[in-house]
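What follows is one structure encoded as structure tokens, with my remarks underneath.
The values are calculated or read from the model by the stated rules, or taken from the named source; none is laboratory data. Quantities reported herein were computed from a predicted structural model and do not represent experimental measurements. We place every Cβ from the backbone using ideal geometry, glycine too, and count neighbours over all the protein chains shown.
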């Protein structure tokens, strides 16, 4: 027997997310500004954020960029994988790690 779970997103949450995305774009937030914000937040060069390095700070930075760009700006994971030169499953894992980092450290965009 297979049971399927359907995720239900309330219209209120969807509208709230859409308004937040619109407001961030209206304030001038782009992928590049998120990269700069994360570089400043973690005190690393912006080039390291987009590098393929496996150093802990670089991984954290990429995770934050993926989370904020995907959740807040609405960029697709495929688009992020192209910009960061990684696979889509790597972006998916980075979004998950980024969410945990934001929750644990109370980072804000």
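Of note:
- For the stretch 37-60, the condition holds for at least one residue, the condition being that it is closer than 22 Å to residue 21 by Cα, in a helix (DSSP H, G or I) and over 14 Å from the mean Cα position of the chain (by Cα).
- Among the residues making up the stretch 70-93, those that are within 21 Å of residue 108 (Cα to Cα) and not in a helix (DSSP H, G or I) are 73, 74, 75, 76.
- Counting only residues that are closer than 16 Å to residue 59 by Cα and in contact with a helix residue (DSSP H, G or I) (Cβ under 7 Å, 6 or more places away or on another chain), the stretch 72-89 holds 6 of them.
- Flag for residue 102 being assigned to a helix (DSSP H, G or I), in contact with a helix residue (DSSP H, G or I) (Cβ under 7 Å, 6 or more places away or on another chain), at negative phi and buried (at least 19 other Cβ atoms within 10 Å of the Cβ): no
- Checking each residue in the stretch 44-56 for being modelled with pLDDT of 90 or more and in contact with a helix residue (DSSP H, G or I) (Cβ under 6 Å, 6 or more places away or on another chain) picks out only 44.
- Number of residues in the stretch 31-49 that are touching a residue at least 24 places away in the same chain (Cβ under 8 Å) and closer than 9 Å to residue 61 by Cβ equals 3.
- Note on the stretch 79-109: residues that are free of Cβ contacts under 8 Å to residues at least 12 places away in the same chain and under 16 Å from residue 31 (Cα atoms) amount to 4.
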